[in-house]
Amino acid sequence: MTVDEQAIEVQLSEQTDVDSALKETGLDITRRDDPDVIEYEDTTILGTVEQHYAQEMRTRDALLADDSVSTQAESNPLLAADCSKYTYNGDNPSDADDLAERTAPINVAWDTGTDASDIQAEMQNIGWESPWPSGDKYILEDESTVKAQDEHIKKNITPTVVPTQYHVRAYDLSGVDNLAVIGAGHRDPADHNQGCEWVGIGCDVNWKVSETREEVSDDWSNVLTKWAGNANVDSASGNYDYIRGDIRS
């Protein structure tokens, strides 16, 4: 990523009335002669929505070309599907040229004859509820369809006064054989990974992706663990739990 410092300086020089603009926001802003500078390292995978999808399908096709994997495709619906195996963050992911960031792997899937709303309701009945808010992340359902999650499925982790939760973004799919709903699950830390930017303690957060996958599937029957090929550094093994049974009472 290249930053055009000259262009930035030009833009800043055009902001001749910054103080007045800040006052209109109603924010209490204290100017400092020597502001603190917080530096931290982070890694990410960036690309346009179109590039991300093309890369995912190349990876999928390469896996299915492997004889040891292709024989499993029929019984491994997420791996064979045209939907993305990761979620993405972006300003306008419906635009194929939008710059998007790859975020979490898909690690749970349902084929139970129900949709994401029904699954959320069933899980809420056995204690999957949480007051902590969450933002949108997106998947590519196919080459031309980008969508946000249909439901947030959450389970508060005590004590209630600390915003820690298991969180699954659940997405309805259409026209995918043996696959109705997919989800990306993780465990949110108390600061939602914002503390590193405030105090410079580092952003290497373990989102406990595999732990969350197991926490979800423990509440269902007829669960098979399968490989989606989307391992990453956040304790994600590349596996997903394929659920075809009922919620456990």
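The values are calculated or read from the model by the stated rules, or taken from the named source; none is laboratory data. Predicted, not measured: the structure shown is a model, and the values here were computed from it. Here Cβ is always computed from backbone atoms with ideal geometry, including for glycine, and neighbour counts include all displayed protein chains. To get the accessible areas, we keep the full protein, side chains included, count just its heavy atoms, and leave off ligands, DNA and RNA. Shrake-Rupley method; radii C 1.70, N 1.55, O 1.52, S 1.80 Å.
Observations
- E215 - accessible surface, heavy atoms, 1.4 Å probe, Å² rounded to 10: 50 Å²
- The stretch 49-247 - percent of accessible surface contributed by carbon and sulfur, probe 1.4 Å: 45 percent
- Average accessible surface for the stretch 49-247: 46 Å² per residue, computed with a 1.4 Å probe over protein heavy atoms with every protein chain in place.
- Under 20 Å from the Cα of K226 - lysines, other chains or at least 8 residues apart: K85, K208
- Positive-end extreme of charge dipole, the stretch 49-247 - chosen from Q120, P105, Q165 (charges on Cβ): Q165
- Positive minus negative residues near I247 (Lys, Arg vs Asp, Glu; Cβ under 13 Å): -3
- For T59, solvent-accessible area (1.4 Å; no DNA, RNA or ligand), Å²: 60 Å²
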